[in-house]
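Below is one structure, written out as structure tokens; comments come after it.
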Amino acid sequence: MKAKRPAVRVHSRGERFRRWLRRDPAVPIYLIVLVTLAVASLVAPTFRQPVNLVNVLVQSVALGLAGTAQTFAILAGDVDLTVGGIISLATVAAAKAMADTPQSMFLVSALILLGGGVLGLINGFIISRVKVESMIITLAINAALFGVALHFMPYPSGMVPYRFMTAVTGQVGGVPLPVLGWGIIVVASWYVLNRTRFGVHLRAVGADPEVAFRAGIKVERVKMAAHTATGLLAALAGLFLAARMGSGDATAGGTFGLDSMTATIAGGANFSSGVGNVTGTAAGAFLIVVLGNIFNQMGISTYYQTLFKGALLVMAVAGGAIRKRWQEKK
Amino acid sequence: MTASPFLEMKGITKRFPGVVALQEVDFACRLGSVHALVGENGAGKSTLIKVLGGVYQPDAGEIRLDGRAVQINHPDRAARLGISVIHQELNLIPAFTVAQNIFLGHEPRGPLGSVDRRRAEEEARRLLDLVGVEVDPDDLVSELSLAQKQMVEIARALSRDSKVIVMDEPTAALNGNEVRKLLELIRQLAQQGRGIIFISHRLEEVFEVSQEITVLRDGRVVATRPAAECSMELVVRLMTGKEHATFRIPGRRPPGKAILELRAFSSGRYFQGVNLCVREGEIVGLIGLEGQGQREVLRALSGALPITGGQVLVDGRPCKIAAPRDAIRSGLAFVPEERKSEGLCLVRDVLENIALPTLRERQLGGFVRRREERRVVRRLVEMLRIQPPSLAQRTHNLSGGNQQKVVIAKWLAARPRVLLFSEPTRGVDVGAKEEIYQLMRQVTDQGGGVLMVSGDLGEVMRLCDRVLVMFEGRVVKEFPGDRLERQALMAAQWGMMRPREEGAADVP
């Protein structure tokens, strides 16, 4: 006799926790971040000072936003290297166009976000309709975007209105606004990617476009929407960066393309399985910045930091692949 | 019965590069009945279904639903028109839960664009109960067995509450009990007033549930008849276009010395302690239910799976096989069942595909001797009668049978001692099937050996000089070639499922 299943299987809290441990691909990065924080606090007393911790969090916001942007593209099965170019362009546009009036600040910010969205939409269109490899085409478009940014601003210059800077980088009840904003974006993105139909479709397209297509999902439309979100969030990262720097810089986005990818992959997202989430990416971004902070405090040159970031990406990609193989074997 | 059927497909034609897959096919399905679609592999069944499901666009013809002409330009359109399709290949996302997969593309809506997960879960549970599978809606699909995945697909097809449900080989991965349950479900669905289009290779099932049968052959409809007026022999004859060949294809030489010997051959959890021997002039069959390790034996021998124990001897010499190149060097050649992904480089032409494994033999200081290469390949193309006989044809454009011949040709060029075949004629049309059987015999008649895995018992009985049955990673039974009967082979595959009863039978 086969056992009769209860009408509704109730999961106990412990069972649910174990399942989360097993299923959430971001669990390793959470642990790594915790261990890193613990070790750093023990070794460097200056690190655990609240000022420094808040500072590290604020420093993480730009990469955190860029990583969130990248997560949309990667979960949809692509990669978007224009994140860096869009950030550069956004800082240039903000420094050049923004005047010191509330109207101008709103209008220019809105236009920059819109511009990022449109660039993302174009990426998505080319990738899904013309059907080209996302890595290659976004690498090319990124180069073009840098070119445009450099044309308008050959060297860092311009001024972002002081009021804009203080408004964006201020605090609310002791919490830095950028950190709060980042948190809101992460929560909203998590909701979109994990709870909405669009998010489910997006991850299905990333996992297997043919299966998604046969399930009646409009694969092209989903891809275009995913890349639009990426472009929009990248522009937001650029806008924030402009406010922090107080000026525009055509090379500001230089490292963000690869770094956002590192944050996303280290955060557990996977290129072709629809697995991953933005909280993992946030942890990944935070880890990169924290380690940079520690290196700075130890007086290690930025050259080695670049070397280290490259190594981190290699490890994250390899780790993801090994984990996948291990799960398949099981 | 109503005068005009609910679903009508008229004059459907679909061409692929180099092949006409469907030629003016007429097909209809009435509500409240089961219409079976049968035909040999490659007859066009799946293509027709993909046209109906909006996966392919037909080059000509029209589809009418309830009398209205409709354009099905996307799978979503098919779903909205009330057509659900279970495609032959699995269409699930492994990293998603069962419930997510069932409702993929039509998730129940909650507020703010969200998925109503509670409703999805409840609904999924109901559907899973209906198809009778013991899985939880919250399980990941990657954790399920093949049969469970198949059942989830069926639950998914039911989730749309469609008027017409198409099932392309839904029973392929199911066991006897599960098949019975599914057939019962199909009957119920028809009684509820749905039209079911049922595709199966197992004619027994077809006759059990369907009211009408349409036979496809080479992309054309050969006949559409009420099932009650058909006999199984008639259907087989219509499918194959000739009296069904059941005669054996014997070898011309008595088995000689052993060329391939496996001793306590093991690979992790896939199979353990396999002893077998293939002698000169012999075709040895390795059979079993799906997933009993028989395929993995071949994969391990080809160097694609790690060998964790035991010995492999070729011509009496022990061989170490850690990678495919070792297998090739030892004289073992593997013709995989996934010929498109594992056997061929589809975008390259016939010449390159055949020449690839033996490039080394025709090189001169690192350069390929093109003339020599063409000579060797042309000889093989002629010998195997590959159609069209052009070396420049991309293998992508060849029919299944000719693709298989290309795979065989590239290994014949390497002059292997033993050919390992996994499903030698899957997706191959009838004519080419016979040719491939003859080729396999030719290999053994010239003193080689063949070890084959096949789920097609008919082919096993016609070809094999000896048959070994595997169960749970072990060889459990051996049959000599002159004592092959379908019933006995089936029983041996299944028999081990009930060890207790067998044990009881031993007691006098």
Self-check item: Separation in nanometres of the label points that stand 7 Å from Cα toward Cβ, at B:Glu434 and A:Ala167
Solution: 8.4 nm
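Hey, what D do you get for the protein assembly as shown in µm²/s if you plug the Kirkwood alpha-carbon radius into Stokes-Einstein at 10 °C and 1.306 mPa s?
Details: Rh = 30.5 Å.
For these conditions, the coefficient is 52 µm²/s.
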Quiz item: How large is the dipole of the stretch B:277-325 about the Cα centre if only Lys and Arg carry +1 and Asp and Glu carry -1, each at its Cβ, rounded to the nearest 20 debye?
Solution: 220 debye
Exercise. Just add up the charged neighbours of B:Ala69: K/R +1, D/E -1, any other residue whose Cβ is under 12 Å from the Cβ of B:Ala69.
Key: 0
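How big a patch of accessible area, both sides summed and in Å² to the nearest 100, lies buried between A and B at a 1.4 Å probe?
Details: alone 17210 and 24470 Å², together 38660 Å².
Rounded to the nearest hundred, the buried surface is 3000 Å².
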Exercise. Identify which of A:Val79, A:Val222, A:Val148 has the largest mean-square fluctuation in a Gaussian network model of chain A, with springs joining Cα atoms closer than 10 Å.
Key: A:Val148
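Evaluate peptide A:273-281: per residue, the Cβ atoms of other protein chains within 10 Å of its Cβ; return the mean as an integer.
Numbers: counts 5, 5, 4, 1, 0, 0, 0, 0, 0.
Per residue, the average neighbour count from other chains is 2.
Restricting to Cα pairs below 8 Å that are 6+ residues apart, what does the relative contact order work out to for chain B? Please round to a whole percent. Spell out each step's value before the answer.
Numbers: 997 pairs, mean separation 74.8, N = 508.
Normalised by residue count, the contact order of chain B is 15 percent.
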Exercise. Would you list, by chain and number, the aspartates and glutamates whose Cα falls below 19 Å from the Cα of B:Lys14, excluding same-chain residues fewer than 8 positions away?
Key: B:Glu24, B:Asp26, B:Glu40, B:Asp59, B:Glu62, B:Asp168, B:Asp218, B:Asp429
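In a shell of Cβ-Cβ distance under 13 Å around B:Ala327, excluding B:Ala327 itself, what net charge do Lys and Arg (+1) and Asp and Glu (-1) give? Intermediate values should be presented prior to the final figure.
Numbers: positive: B:Arg299, B:Lys320, B:Arg325, B:Arg329, B:Arg417; negative: B:Asp326.
Overall, the nearby charge balance is +4.
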Quiz item: At a 1.4 Å probe, which residues in the stretch B:103-123 are at least 30 Å² less accessible with all protein chains present than in their chain isolated?
Solution: B:Leu104, B:Gly105, B:Glu107, B:Arg109, B:Leu112, B:Gly113, B:Ser114, B:Val115, B:Arg117
Quiz item: Considering only DSSP beta bridges whose two residues both sit in the stretch B:258-493, what percent are antiparallel, to the nearest 5?
Solution: 60 percent
Quiz item: How about A:Lys324: which aspartates and glutamates have a C-alpha closer than 16 Å to its C-alpha, ignoring those fewer than 8 places off in the same chain?
Solution: A:Asp24, A:Asp208, B:Glu143
Practice problem: List, in the order given, every pair from B:Lys149/B:Lys181; B:Lys50/B:Lys405; B:Lys181/B:Lys477; A:Lys131/A:Lys218 whose Cα-Cα distance in the structure shown is over 18 Å. | Solution: B:Lys50/B:Lys405; B:Lys181/B:Lys477
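Using DSSP, restrict attention to beta bridges with both residues in the protein assembly as shown and report what percent are antiparallel, rounded to the nearest 5. If you can, show how the numbers build up before the last one.
Working: 50 of 85 bridges.
In the protein assembly as shown, approximately 60 percent of DSSP beta bridges are antiparallel ones.
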Exercise. Treat each spin label as a single point 7 Å out from the Cα along the C-beta direction, and report the B:Cys345 to B:Arg202 distance in nm.
Key: 4.1 nm
Quiz item: Taking +1 at the Cβ of each Lys and Arg and -1 at the Cβ of each Asp and Glu, which of B:Ile259, B:Ile93, B:Phe421 sits farthest along the dipole of chain B towards its positive end, judged by Cα position relative to the Cα centre?
Solution: B:Ile259
Quiz item: Applying 1/(1 + (r/R0)^6) with R0 = 25 Å to the Cβ-Cβ distance of A:Glu210 and A:Val130, what FRET efficiency is obtained, to the nearest 0.05?
Solution: 0.85
Quiz item: What net charge is computed for the residues neighbouring B:Leu182, neighbours being all others with C-beta under 12 Å from the C-beta of B:Leu182, Lys and Arg scored +1, Asp and Glu -1?
Solution: -2
Self-check item: Estimated dipole of chain B in Debye, rounded to 20 [Cβ of Lys and Arg +1, of Asp and Glu -1, Cα centre]
Solution: 1960 debye
Quiz item: Hey, what's the Kirkwood Rh for the stretch B:92-161 if you take every pair of different alpha carbons, in angstrom?
Solution: 11.8 Å
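Just how many % of Cα pairs in chain B lie over 45 Å apart, if you round to the nearest whole percent?
Numbers: 22890 of 128778 pairs.
Everything past 45 Å amounts to 18 percent.
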Quiz item: How far apart, in nm, are the 7 Å Cα→Cβ label points at B:Glu290 and B:Ser4?
Solution: 4.0 nm
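If each DSSP helix of 4+ residues adds -39,500 (n - 2.57) and the sum is divided by the residues in chain B, what number results at 222 nm, nearest 500 deg cm²/dmol? Working shown, then result.
On the way: 17 runs with 169 residues, N = 508.
Theoretical 222 nm ellipticity from helices: -9500 deg cm²/dmol.
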Quiz item: Just A:Trp182, A:Trp20, A:Trp190 to compare: in a GNM of chain A, with alpha carbon springs under 10 Å, which one fluctuates most?
Solution: A:Trp20
Quiz item: Among bridges DSSP assigns within chain B, what percent are antiparallel (round to 5)?
Solution: 55 percent
Quiz item: At a Förster radius of 51 Å, what calculated FRET efficiency corresponds to the Cβ-Cβ distance of B:Arg180 and B:Leu356, to the nearest 0.05?
Solution: 0.65
Practice problem: Find how many whole Å separate the alpha carbon centroid of the stretch B:386-440 from the alpha carbon centroid of the stretch A:178-195. | Solution: 55 Å
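Per the 1.4 Å probe, what fraction of the accessible area of the protein assembly as shown, in percent, lies on carbon and sulfur atoms?
Numbers: 22130 of 38660 Å².
Looking at the protein assembly as shown in its full context, I get 57 percent from C and S.
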Quiz prompt | Eligible aspartates and glutamates near B:Lys163 by straight Cα distance, threshold 12 Å, same-chain separation 8 or greater | solution = B:Asp66
Practice problem: Find which of B:Gln403, B:Gln211, A:Ser247 sits farthest along the positive direction of the dipole of the protein assembly as shown, computed with +1 on the beta-carbon of Lys and Arg, -1 on that of Asp and Glu, about the Cα centre. | Solution: A:Ser247
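What dipole magnitude, in Debye to the nearest 20, does chain A give about its Cα centre under +1 on Lys/Arg Cβ and -1 on Asp/Glu Cβ? Please list the in-between numbers first.
Numbers: 29 positive and 12 negative charges, 389 e Å.
Dipole of chain A, to the nearest 20 debye: 1860 debye.
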Quiz item: Just A:Leu107, A:Leu202, A:Leu65 to compare: in a GNM of chain A, with alpha carbon springs under 10 Å, which one fluctuates most?
Solution: A:Leu107
Quiz item: What's the average, rounded to a whole number, of partner chain beta-carbon atoms within 10 Å of each residue's beta-carbon in B:72-80?
Solution: 3
Practice problem: With no solvent and one equal point scatterer per Cα, compute the Debye intensity ratio I(q)/I(0) for the stretch A:51-315 at 0.12, 0.15 Å⁻¹ and report its log10, rounded to two decimals. | Solution: -0.68, -1.06
Practice problem: Post the alpha-carbon centroid distance, the stretch B:233-292 to the stretch B:71-107, in whole angstrom. | Solution: 37 Å
Quiz prompt | FRET E, pair A:Tyr155, A:Thr36, Förster distance 35 Å, beta-carbon r, rounded to 0.05 | solution = 0.45
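Considering every residue in A:199-212, what mean count of other chain Cβ atoms within 10 Å of its Cβ is obtained?
Numbers: counts 3, 9, 3, 0, 4, 7, 1, 2, 5, 6, 0, 4, 11, 5.
Partner-chain Cβ atoms within 10 Å, mean over residues of A:199-212: 4.
The values are calculated or read from the model by the stated rules, or taken from the named source; none is laboratory data. Note that this is a predicted model, so its numbers are computed, not measured. Note that we place each Cβ from the backbone using ideal geometry, even for glycine, and neighbour counts take in every protein chain shown. The area values use the complete protein model at the heavy-atom level, side chains included, leaving out ligands, DNA and RNA. Shrake-Rupley method; radii C 1.70, N 1.55, O 1.52, S 1.80 Å.
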